[in-house]
């Protein structure tokens, strides 16, 4: 079993959602975990105790599987949580996201707006400074995607604060754009390298 499979099996087996895992030069292995969707909806957040529990089990599994690493960090994904898999997009549909395309569309790679499902693909509704528009895309066209941290301002109207709403608080009808970005092969994983372990509760969502 390779290190990625070992991490995924361990995290999901303990009842957590594996958000992401990565290896960097120097042998650092970073693992980001979250509560399952139904638990998160109930208000549960990742705690230091959760990270410690996963760390202990990963130390054991990685040793048994003879997976090489030097340091291990387990933490929550933070308020700017990355979107990595289909389940992430389904879970956070309706929320504000920032996506970076693999290939620029109309001279632009980064788009920020509300995420929505559109047929067999996805759509981000954004404002170009004049009107609301919609960019349709597939997951294969996305290089990176993450949630936009939400900050509440006291006294601010919820409708006025919603992206995609006009001054009266009514949703604007977006103009539709179709991305012409072509799917590219996923970037190669960083070379494996180096066992000090670190637990970081991170920023809870």
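Values quoted throughout were computed directly from the atomic coordinates according to the rules given, and no laboratory measurement underlies them. Because the structure is predicted, anything quoted here is derived from the model rather than measured. When we count neighbours, we look across all protein chains shown, and the Cβ atoms used for this are built from the backbone with ideal geometry, even at glycine.
Could you order peptides 115-122, 41-48 by the average number of other Cβ atoms within 10 Å of their residues, highest first?
115-122, 41-48
Taking Cα atoms of region 62-122, Rg/Rh with Kirkwood Rh, to two decimals?
When Rh is taken as the Kirkwood radius, the ratio is 1.14.
Nearest 5 is fine: what % of DSSP beta bridges in region 12-103 come out antiparallel, could you say?
Restricted to region 12-103, the bridges split so that about 60 percent are antiparallel.
Within 10 Å, count the other beta carbons around each residue, average over each peptide in 68-80, 96-108, and list them highest first.
68-80, 96-108
Assuming 0.36 nm per residue, please report the length gained on full extension of the stretch residue 128 to residue 38 beyond their Cα-Cα distance.
Full-extension gain reported as 28.9 nm.
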